[in-house]
Structures are given as structure tokens and as C-alpha cells.
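Below is one structure, written out as C-alpha cells, with a few remarks after it.
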Amino acid sequence: MEKEIIDLRSDTVTLPTEEMLEAIKHAKLGDDVFGEDPTVNELESLAAQKMGKDAALLVTSGTQANLVSLVSNTKRGDGVILEAESHVFYYEVGGLSAIGGLVPITIKGNMGVLDPKDIEAAIRPKDIHFPETTVVAIENTHNRAGGTITTPDQIRAISEVAKARGLKLYMDGARIFNAAVALKTDVKNFTKHVDNMMFCLSKGLSCPVGSIVVGDHQFVERARRVRKMLGGGMRQAGIIAAPGIIALEKMVDRLEEDHRNARLLAEGLAKVNGIKVDMRIVQTNIVKFDVSDLGVTSGTFVFMLSKRGVLSLPFSERDIRMVTHRGIEKEHIEKALAVIEDIAYDVRSKKVN
Ligand SMILES: *Cc1c(COP(=O)(O)O)cnc(C)c1O
């Protein structure tokens with residue numbers, strides 16, 4: 001019997017649609033380092049318009065987007081305020097310091113959301129001893145917090161502190177469209193309070209490659225130079241941009257389906273003896289749950305699930321992350337839940353250890 005793999009590790013595993021592959025085949029191409037790839041130019045102007053900013057830049061990945069943006073907002077030696085479990089701080093190989101020469105100033109958020117008062121307190125006064133703090137970076141949705149949303153009102157409050165103290169506000173909006181769809185509001189309501197931001201094409205939007213940085217003309221011009229410096233100048237990048245255009249035009253609304261499936265998964269998990277789910281953080285397409293009461297580590301549980309065809313990632317010693325995405329249907333969630341229940345039962349009755 002063929003075993004179907006249910007891959008809940010990440011929304012980055014989504015494959016391009018047939019329409020995307022067709023678009024790649026027929027894309028008009030040119031040398032983008034000379035600014036001559038018409039498909040890249042079209043994507044960048046569409047992205048700028050959708051996000052309500054002057055200009056946009058296609059980059060290779062979310063990690064490159066964050067590095068290019070932080071470097072473009074600062075000078076070496078500056079301090080950057082960011083959430084203690086933010087992707088930039090946690091998962092980007094220390095690039096902001098190693099390459100950007102920046103000093104991370106971390107603040108613990110509440111379910112991934114920074115408190116403006118904490119930001120205020122973290123901004124050091126001008127003094128010969130201190131690095132100059134020049135940027136606040138928020139993450140929306142917040143990955144390690146479980147896909148949580150910083151609402152437009154919360155962003156506005158943060159932006160007021162940043163503005164009053166002369167700091168730039170940057171948003172790692174890798175999954176910003178998930179936030180917009182979840183709150184049923186235009187993405188511009190999130191972007192209008194930040195100076196610049198990035199989002200990923202390669203996650204729920206299902207593109208094979210790419211992220212987009214947006215901001216004002218001066219910032220994007222600088223970002224284009226920094227991208228080149230980092231080796232991110234791409235030639236006939238229209239083959240990446242073509243699916244990006246489809247993503248922005250057609251793949252946003254369907255994220256709602258992923259959110260419905262995430263909720264279904266979380267509700268099912270919450271009913272399993274020994275598994276804990278904080279339903280407050282189940283806001284978009286990420287589900288984080290705690291298996292410590294089963295007396296196993298997340299790593300062990302993830303391994304047992306994988307042997308039964310359900311793939312997930314350990315998030316910490318006790319927490320596991322599952323992410324819903326295109327290709328995961330309601331019936332996959334039901335199957336995954338049945339496997340999880342089974343394994344939890346076996347672990348509880350010490351049939352496995
Ligand atoms: C995925 C992700 C990134 C990085 O994207 P890559 O394309 O994997 O480099 C950055 N920030 C957040 C919040 C993410 O979830």
C-alpha cells in the first residue's frame with residue numbers, strides 16, 4: 001500500500017501551480033541587473049502598488065530580504081531593536097551582525113507582539129558609550145510565536161514611538177498576507193505604518209523562489225545596491241518574477257483555506273490527552289503544540305510521526321510546529337489527527353518509548 005506523505009513542516013514546500021509553470025515558460029526576459037527584464041519590472045511595480053509603497057525589489061529569499069533591508073536602513077555599528085525570537089535573530093545565521101555589522105537589541109514580545117513601552121525603554125539615549133539605535137524591526141506574522149498577528153493598530157502604536165525617537169520601522173512580513181486575510185483587511189493597513197518591509201512569495205503564495213522588499217524610492221535604490229553587493233543581482237530573473245505576478249493576483253485569497261485547516265488541526269490536537277495547544281495563538285496557518293505531558297521530547301514525537309507519514313518540525317524541546325498550505329486539504333488534517341491520536345495513545349500506554 002502506498003503511503004501518502006502529509007507534509008506539515010512548512011508552507012515553503014508548496015510547489016508552483018501549472019499556471020505558474022506556463023507563465024515561466026512564456027515570460028518575457030531581459031537582463032535585470034541592467035533593469036531590462038520586463039517581467040521583473042512588472043512584478044516590482046505590481047508589488048509596490050499592492051503594498052502601497054513607492055518601489056519594490058525582487059530578492060532571492062526572505063533571509064536576503066531582511067539582510068538587504070536592515071543594511072539599507074542603517075550604518076555599521078548601529079543598534080537594531082527586534083523581538084527575542086524573531087526570525088532575523090533566530091534563524092538567519094547571525095547575518096545582521098556578521099555581514100551587516102549591526103548590534104541586535106532584543107525584547108521579549110507578548111505572543112510575538114512588541115509592546116511600544118518596551119521599545120521606548122530599549123532605545124538608548126545618545127551617549128558616547130552606546131551604539132546608535134536606528135531601526136525597530138517587527139515580524140508579522142510571528143513565526144516562532146505560532147503565526148501570530150501584530151494588528152494595524154498595534155503597528156501604528158509602535159510606529160509612533162519609532163517616529164518620535166527618529167527610528168525607522170521595518171517589518172519582516174514574510175507572511176503578511178496571512179495576517180491580512182485572517183483579519184479580512186487590505187494588506188495596506190499593515191504596511192502604511194512601516195517605513196519599509198518584505199514579504200515572501202515562496203511560502204503560502206506557492207512560488208518556487210523569491211521575496212520582495214518594498215519602501216520609498218531612496219531606500220529601494222540603496223537596497224538594490226546592497227543586493228548586488230551580496231551577490232543577489234540576478235540576470236533573467238523574469239523566470240522567478242512570472243510566478244510572483246500570479247501569486248499576487250491569484251494566490252492571496254486562498255490563504256483563508258489554510259487558516260481554516262490550521263484551526264481544525266489545532267482544535268483536534270487540543271482534544272488529545274497529553275497535548276497542549278494555546279488556542280489564542282492559532283491565528284493564521286501555523287499550529288504550535290506542546291507534547292511534554294506525554295513524557296517525550298518533541299524530537300521523539302516528530303520522529304514517530306514521520307514514520308507514519310506525517311511530517312512536522314520540533315520548535316523547542318517541548319513544542320512542535322505544523323504549518324498548513326496549498327496541497328493540504330481537510331482530509332489530510334483528519335488523517336494527520338488520527339495518526340497523532342494513535343501515537344499519543346501508544347506513548348501514554350508506554351507501548352513505544
Ligand atoms: C521564512 C521566513 C523568513 C525567511 O525566508 P527564507 O526565504 O526562508 O529565507 C524570514 N522571516 C520570517 C518570519 C519567516 O517565516
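Between the beta carbons of residue 338 and residue 279, assuming R0 = 22 Å, the FRET efficiency works out to 0.60 to the nearest 0.05.
Rg and Dmax, both from the Cα atoms of region 111-185 and both in Å, are 13.5, 47.
One way to sum up the overall shape of the chain is the equivalent ellipsoid from its Cα gyration tensor, whose semi-axes run 35, 26, 17 Å, largest first.
For the chain, modelled as a GNM whose springs connect Cα atoms under 10 angstrom apart, the maximal fluctuation among 183, 67, 230 occurs at 230. In region 18-250, the DSSP beta bridges split such that about 40 percent are antiparallel, to the nearest 5.
Take 321-334, 46-59 and order them by the average number of nearby Cβ atoms within 10 Å per residue, most first; the result is 46-59, 321-334. Placing pseudo-labels 7 Å out from each Cα toward the beta carbon at residue 350 and residue 151 gives an inter-label distance of 4.8 nm. Of the GluC sites (Glu not before Pro) found in region 1-94, those that fall in a DSSP loop while having at most 15 other beta-carbon atoms within 10 Å are 2, 4, 36. Spatially close Lys pairs in region 112-220, defined by Cα atoms under 26 Å apart and a spacing of eight or more places or different chains, total 15. For region 121-267, what class follows from the C-alpha gyration tensor (a ≥ b ≥ c being the square roots of its eigenvalues): rounded when a/c is under 1.5, otherwise prolate if a/b is larger than b/c, else oblate? Oblate shape, in that a/c is at least 1.5 and b/c is the bigger or equal ratio. Relative protection proxy for 121-134, 209-222, from highest mean packing down: 209-222, 121-134 (other beta-carbon atoms within 10 angstrom).
Using the Cβ-Cβ distance between residue 228 and residue 264 with R0 set to 56 Å, the FRET efficiency from 1/(1 + (r/R0)^6) comes to roughly 0.80. If R0 is taken as 51 Å, the Cβ-Cβ distance between residue 216 and residue 331 corresponds to a FRET efficiency of 0.65.
Taking amide H atoms as placed 1.01 Å from N in the peptide plane, the amide H of residue 168 lies under 5 Å from those of 135, 136, each 5 or more residues away in sequence or on another chain.
The numbers here are math on the coordinates, done by the rules we state, and not lab data. A quick note: this is a predicted structure, and the numbers were derived from the prediction, not measured. Every residue, glycine among them, receives a Cβ derived from its backbone with ideal geometry; neighbour counts consider all protein chains shown.
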